[in-house]
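Okay, structure first, notes after.
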Amino acid sequence: MARHYEEDFKKQIVEIFNQGNYTYKKLGEEYDIAPSTIRGWVNRYNNSNSFDIDDNRTEEEKELIRLRKKLKQLEMENDILKQAALLLGKK
């Protein structure tokens with residue numbers, strides 16, 4: 001089960017790391033958090049002052065996500081139209 005950390009706690013961990021006295025591994029051992037989790041928090045927060053992944057995506061990544069959703073929607077609509085055409089063709 002994934003653990004949930006409050007935003008204030010994450011900020012404290014990032015601030016401690018940013019002071020330069022700890023490595024990801026050392027912080028992880030001290031607070032029982034995976035070093036990769038801490039690395040993600042530090043990278044996101046130092047990049048955009050936010051832990052939300054959406055705030056840390058490039059415009060290209062956001063556009064790619066939007067286009068993939070649109071493609072999936074159009075493929076579903078196309079499948080529905082094919083089924084309707086088959087049903088109408090049988091009558």
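The values are calculated or read from the model by the stated rules, or taken from the named source; none is laboratory data. Because the structure is predicted, anything quoted here is derived from the model rather than measured. Using ideal geometry, Cβ is built from the backbone for each residue, glycine included, and neighbour counts are taken over all protein chains shown.
Summary table below
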{"quantity": "Condition check for Glu30: loosely packed, with under 12 Cβ neighbours inside 10 Å, without any contact (Cβ under 8 Å) to a residue 40 or more places away in the chain and either in contact with a Ser or Thr (Cβ under 7 Å, 6 or more places away or on another chain) or acidic (Asp, Glu) (or both)", "calculated": "yes"}
{"quantity": "The listed residue being modelled with pLDDT of 95 or more and exposed (fewer than 12 other Cβ atoms within 10 Å of the Cβ), out of Leu74, Leu86", "calculated": "Leu74"}
